[in-house]
Amino acid sequence: QVQLVESGGGLVQPGGSLRLSCLASVRNFNIATMAWYRQAPGKQRELVASVTREYTPTYADSVNGRFTISRDNGENTVYLQMNNLKPEDTAVYYCNLRFGVQNYWGRGTQVTVSS
């Protein structure tokens, strides 16, 4: 059974930073595509960033240049470093693991950017 556990969310002032972590309890983590999504109140869940098994990252335009996704295959963990946070980044952030057509989700961690 695949389990994804996010951590690192919290309350931060505009311009601040947070680092999210997602620990995956899964075999063959190294071949999965990992991603972070977010969902703000009243909005659809959106892709924030993803990283392939070849370590190729992609970013949503809204976070490009501010967020960095990385993975540590030895620790079965994916990270999201978030810098220069803005109020519009406020959302629940979800970790996603994909093996082909199989998708798995974490329970999410709240990020609130407010002064």
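Worth a mention:
- Pair Arg19, Asn103: separation of 7 Å Cα→Cβ label points (nm): 2.9 nm
- The 3J(HN,Hα) values that the Karplus relation (6.51, -1.76, 1.60; θ = phi - 60°) gives for the range 49-60 are, in residue order, 7, 9, 9, 7, 5, 8, 6, 7, x, 9, 9, 5 Hz. Gly and Pro appear as x.
- If R0 is taken as 22 Å, the Cβ-Cβ distance between Asn73 and Val2 corresponds to a FRET efficiency of 0.90.
- Karplus-derived 3J(HN,Hα), 6.51/-1.76/1.60, for each residue of the range 83-98, Hz, glycine and proline x: 10, 6, 5, 10, x, 6, 7, 4, 4, 8, 9, 10, 8, 10, 10, 10
- Gained length - Gln81 relative to Ser62, 0.36 nm times residue gap less alpha-carbon distance: 5.4 nm
- Mean sequence separation of contacting Cα pairs (under 8 Å, at least six apart), scaled by the length of the range 34-85, corresponds to a relative contact order of 25 percent.
- Shape parameters for the range 6-108, alpha-carbon atoms, Rg then Dmax in Å: 13.0, 38
- Counted residue by residue at 0.36 nm each, then reduced by the alpha carbon distance between them, the extension gain from Ser115 to Leu47 reaches 21.9 nm.
- GluC sites (Glu not before Pro) restricted to the range 14-115 and DSSP loop, no more than 10 other C-beta within 10 Å: Glu54
- Normalising the average separation of contacting C-alpha pairs (under 8 angstrom, six or more residues apart) by the number of residues puts the relative contact order of the chain at 36 percent.
- Take every DSSP beta bridge whose two residues both sit in the chain; close to 90 percent of them are antiparallel.
- Charges were assigned to the Cβ only: +1 to each Lys and Arg, -1 to each Asp and Glu. The resulting dipole of the chain about its Cα centre is roughly 160 debye.
- Exposed trypsin sites (Lys or Arg not before Pro) absent: longest stretch of the chain, with sites in DSSP loops and at most 15 other Cβ within 10 Å deemed exposed: 67-106
No lab work stands behind these numbers, since they all come straight from the coordinates. Since we're looking at a predicted model, the values are computed, not measured. Backbone-built Cβ (ideal geometry, glycine too); neighbour counts: all protein chains shown.
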